[in-house]
1. Got a sec? What order do A:Glu47, B:Glu423 fall in by accessible area at 1.4 Å, biggest, i.e. largest, first?
2. At 1.002 mPa s and 20 °C, plugging the Kirkwood radius over alpha-carbon pairs of chain A into Stokes-Einstein gives what diffusion coefficient in µm²/s?
3. Which lysines does B:Lys350 reach when only Cα atoms under 21 Å apart count, and residues fewer than 8 places away in its own chain are ignored?
4. Rounded to a whole number, what is D in µm²/s for chain B from Stokes-Einstein with the Kirkwood radius over alpha-carbon pairs (25 °C, 0.890 mPa s)?
5. Using only Cα atoms, what Kirkwood radius does the stretch A:91-178 have, in angstroms?
6. How much space per residue, in cubic angstrom, does the convex hull of the C-alpha atoms of the stretch B:151-307 take up?
7. Go ahead and estimate [θ] at 222 nm for chain A from helices alone: -39,500 (n - 2.57) per DSSP H run with n ≥ 4, summed, over the residue count, rounded to 500.
8. Please name the residues of the stretch B:36-57 whose accessible area, counted over protein heavy atoms with a 1.4 angstrom probe, falls by no less than 20 Å² between the chain alone and the full protein assembly.
Amino acid sequence: MKGVVFTEFLEMVESRFSADMVDDIIEDAGIKSGGAYTAVGSYPFAEMVALVTALSQRSGLEPQALIYAFGHYLFGRFALLYPYSIQGCSNAFMVLSNIEKHIHQEVHKLYPDAQLPHIEVLSSDERCLTLLYRSPRCLAPLASGLIQGALDHFGEQGRIVVEPLNDEGSKVRFVVELV
Amino acid sequence: MSEDELAQLQDQLLRYQKRYQREKAARKEAEVLLEQRSRALYDANFELSTVAAQLEKIVEWRMAQLSEALLKAEMAAKAKSEFLAVMSHEIRTPLNGVLGMAELLSHSKLTAEQGEQVATLQECGTSLLALINDILDLSKIDAGKLTLEQRPYNLYALLDSVVNLFVPKAMEAGLHIEWQRPQGSAWLLGDATRLRQITSNLLSNAIKFTHQGAITVTVGIEPLEDTFDMKRLVLVIRDTGIGMTQEQLGKVFTAFEQADSTTTRRYGGTGLGLAICRRLAEAMGGRIDVSSEPGVGSCFSVHWVATETSAPAAEAPVIVLPEEAPSPGAAALSVMVAEDNTVNQKLIIKLLDKLGYRDVLLAANGRQALERVSQGGVELILMDMQMPEMDGLDATRAIRQLELDCQPHIIALTANAFDEDRERCQQAGMNDFLSKPVSLERLSVAMQRASSLLSKQKQPSPAGEPDTQASA
């Protein structure tokens, strides 16, 4: 998993909880890297799972809720760190429709080895966008949070329906409806 | 803890916090920089691969152009050699007529003056033929089409015969050929014809460019180091002729060049001989060296390597020409000439007549020959290779398919001089090969060979005896 996901996660923990919480969950998770992440590195996905689990235990919040919150936070950060990736987009649907074609391509330019989820547009009109999410990492809540983050970024109101298409959640359909 | 201590501790903490913030900011800055560089690298790579792709396209295009050019060159070379083959045939056919008729004329009753004129005619025709052969040889070598035979030959005997051939010419010029022949024999594997050609050429040159003195021929043979039966050979032909300057030596082996272009007028020749000799020597894996001094003489040495071999069990049968011209069985033999050219028809019939073969059958093409042969009774055919309707090769193949009491002896008669033609004739089922222009002597030998073979076939012979050449 790309380092930027780790550094941003720890940033979020620091800002929403505290720097101490960061130290604590790193300690709890007992991760090999010792939490010394840089945005440009790559780290095992298992470390992210361990960190989220540790945070869930310390905070008493559900892992799914934490992941969703992180997704929401992450969109704002991406918009700040990589403004060119949403340049020319005037609404959330435009950004979401461009993930596979534009944003992921840009990511691959910097990190040719990055393993990214597949986000396929199943249907789209002015009011409704249906996306198909596929990833062996089963991070649909993160995607959900990112979608909400996109809507909020453009000041749009919407409802997100999450329809898992299999048990483990590696294939999920998102229906985003503007209200 | 005193207030001072507390303040000190707070101050310390603030410092650490600042230091931590500073380090974190530095890390983020580094990350951003790294990403920017990565992005620039990606762009540069992309551009490079675009350029590479373009280059590849250009290279591909060039390659296509090159192979097209190569194809064109190959086609041109092929066209050239085909042209040469055709021209060779086209030139030889009328020349055949000229030389043949001149020969017939020379055997008729002539005045002394007429005899001299005919001799000149024959001489000119023969040198024209030699020139055509030289040009053909050269073009064939240049086209890489020269194939050398690897057959046993006796080097000393070969040189004996070549030297003997030139003795009269040397004597005529007031020269003496000193052939320092080693004792015994030296059997080697190689192409005797080509070696004979080189030797003849060098000897002929030596005689041509020497006005007084002698021509010395020597041959050296020594074992090649680290080999079992390989020999290092050197044939030296030294003359006391006009010699050459260093500058002249430089171009003496170049085609169409003579040491001095004015010598063409004075000494004749095309300047092809030495070019051919050098190429032949190179084809044999050897070389020709030359040293010379103006006014003192020249020395040509041929160096090559050959495998020594033992003398063949039985030497090739010698065909003895009968002293009396018309052979006793000649008239009894049923002979057919398959030839489309009327001049050549006339000539062959006259030559055959001289040899005692009369009532010769004529066929204007292969089909006519086949039809006549299928009726039976034809014992010997002189078959031209190139004829309209059905050529000599096809006709021969068809004749060999016929169920006859006795298959005719077929002698190929052709203006095509290439070795491949000889092979093609043999494969088609012909028994012998005569290249035009046919001289009375060569025709006589071939006819003798044929009639002895045929008479042997007629005699009751032990079953299974191979159809080999007869020892007359």
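The values are calculated or read from the model by the stated rules, or taken from the named source; none is laboratory data. A quick note: this is a predicted structure, and the numbers were derived from the prediction, not measured. Each accessible area value is taken on the protein alone, full model and side chains, heavy atoms only, with ligands, DNA and RNA left out. Shrake-Rupley method; radii C 1.70, N 1.55, O 1.52, S 1.80 Å.
1. Values: A:Glu47 15, B:Glu423 110 Å².
Greatest to least solvent exposure: B:Glu423, A:Glu47.
2. Working: Rh = 16.9 Å.
Estimated diffusion coefficient is 127 µm²/s.
3. Output for B:Lys350: B:Lys109, B:Lys436.
4. Details: Rh = 28.3 Å.
For the chosen part, D equals 87 µm²/s.
5. Numbers: mean 1/r = 0.0752 Å⁻¹.
In the stretch A:91-178 this quantity evaluates to 13.3 Å.
6. Working: hull volume 17.1 nm³, N = 157.
Roughly 109 Å³ of hull volume per residue.
7. Details: 7 runs with 86 residues, N = 179.
Taken over chain A, the calculation gives -15000 deg cm²/dmol.
8. B:Ser38, B:Arg39, B:Tyr42
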